[in-house]
1. Given the conditions (1) within 11 Å of the ligand (Cβ to nearest atom); (2) over 17 Å from V134 (Cα atoms); (3) under 20 Å from the mean Cα position of the chain (by Cα), and given that N18 satisfies all but one, which numbered condition is not satisfied?
2. How about the range 21-51: which of its residues are more than 9 Å from the ligand (Cβ to nearest atom), touching a strand residue (DSSP E or B) at 6+ places or on another chain (Cβ under 6 Å) and within 25 Å of G234 (Cα to Cα)?
3. Do we find that A28 is buried (at least 19 other Cβ atoms within 10 Å of the Cβ), of a type in the set (A, V, I, L, M) and more than 23 Å from G135 (Cα to Cα) in this structure?
4. With modelled with pLDDT of 95 or more, over 21 Å from the mean Cα position of the chain (by Cα) and part of a loop (DSSP other than H, G, I, E, B) as the only criterion, which of D55, D34 stands out?
5. Identify all residues within the range 102-125 that are outside any strand (DSSP E or B) and crowded, with 18+ Cβ neighbours inside 10 Å; write none if there are none.
6. I need the full set of residues from the range 58-78 which are near the ligand (Cβ under 9 Å from one of its atoms) and either over 22 Å from the mean Cα position of the chain (by Cα) or farther than 27 Å from V96 by Cβ (or both), in order please.
7. Of the conditions (1) surrounded by fewer than 19 Cβ atoms within 10 Å (Cβ to Cβ); (2) under 15 Å from the mean Cα position of the chain (by Cα); (3) in a loop (DSSP other than H, G, I, E, B), R246 satisfies every one except a single condition; which number is it?
8. For a quick check of your reading of the model, give me the residue pairs whose first member lies in the range 242-256 and is farther than 21 Å from N277 by Cα, whose second is within 16 Å of the ligand (Cβ to nearest atom) and among the acidic types (D, E), with beta-carbon atoms closer than 8 Å and at least 6 apart or on different chains.
Amino acid sequence: MKIAFIGLGNMGGGMAANLVKAGHEVRAFDLSEDALAASSDNGCVAFTSAREACDGVDAIVSMLPNGEIVKAAYSNDVFGAAPAGAILLDCSTIDVASAREISAAAKARGYEMVDAPVSGGIAAANGGTLTFMVGGTEEGFKRAEPVLEAMSKAVIHAGGAGNGQAAKICNNMLLAIQMIGTCEAFSMAQKLGLDPQTFYDISSVSSGQCWSMTSYCPVPGVGPQSPADNDYEGGFATALMLKDLRLALEAADSAGADVVMGEKAAAIYEKFAEAGNGGRDFSAYFTELG
Ligand code: NAD
């Protein structure tokens, strides 16, 4: 397939490279010259405008920082430049309302569009093992699937437009709450005189078991290798978790959903980020508890 890829940053760079490896012709555009040069090294064809990159393609994939940028990119550049039959896939994490707005605008212009945000960080983007949660019509999902295949370990249809984003922020809100709980439990166990490894051995096979404990333990030297073993570098930055929590609170507000724990998690990560920890992995909150 001929695919335009817009936004080749930390995530998009690896994703585009995997599309090339799968045999697709990838036409890349990014505002950053460095990102564009790196994409050429990975076998993409670099373009100096999104409109040129979209010329004659079968699909457009975007991986951009936020909803405003995604809206502008589609309205100003993609719509009109992309052929009528092209499928549009926005893989960025953005607010549900913007995702639905962009999808409706695409539909009005005759395009099929899906929102397809991801679970998994930079390592999964590079390794082609992301999970995609897709919002859009059955037809849109069917057409998006072969594009997403080369970048994924799982592709799941979440329902209509915006439901991919809804799944993503609900998942990440749960993850934030679970991680804070895991940090608190390990810290309290230690203060009560329990060895962290012993607590892990017990809780990982008991009812407190969760992903934040057994796949991503915030305690150095406990559980499988995680960012905690690398001084909380790499992994999922606190600033990005905070971004997702803010999107979750916005969505909760508009849907009238009660998210007491989500609000608390956002306040905790806000304070943690403001104290200079925005670039550290979100499991570094453990170090705050002493
Ligand atoms: P990034 O900042 O590394 O990359 C974004 C890229 O978009 C940059 O290269 C930037 O130059 C480019 N860009 C910005 N505006 C543009 C425009 N108008 N046209 C073309 N290019 C433009 O960010 P990232 O970490 O790759 O994240 C991208 C998206 O993926 C975000 O929505 C983020 O929330 C989501 N996400 C990130 C992670 C992660 O671990 N980094 C995990 C899951 C989801």
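1. Unmet for N18, out of (1) within 11 Å of the ligand (Cβ to nearest atom); (2) over 17 Å from V134 (Cα atoms); (3) under 20 Å from the mean Cα position of the chain (by Cα): (1).
2. S39, S40
3. yes
4. Numbers: D34 fails: part of a loop (DSSP other than H, G, I, E, B).
Going through D55, D34 in turn, just one is modelled with pLDDT of 95 or more, over 21 Å from the mean Cα position of the chain (by Cα) and part of a loop (DSSP other than H, G, I, E, B): D55.
5. Step one: filter the range 102-125 for residues outside any strand (DSSP E or B), giving 102-111, 116-117, 120-125.
I102, S103, A106, Y111, A116, P117, G120, G121, A124, A125 - these are the residues of the range 102-125 that are outside any strand (DSSP E or B) and crowded, with 18+ Cβ neighbours inside 10 Å.
6. Matches in the range 58-78: N76, D77.
7. (3)
8. E250/D95; A251/D95
The values are calculated or read from the model by the stated rules, or taken from the named source; none is laboratory data. Model, not experiment: these values are computed from the prediction. Neighbour counts run over all protein chains shown; Cβ positions are idealised from the backbone, glycine included.
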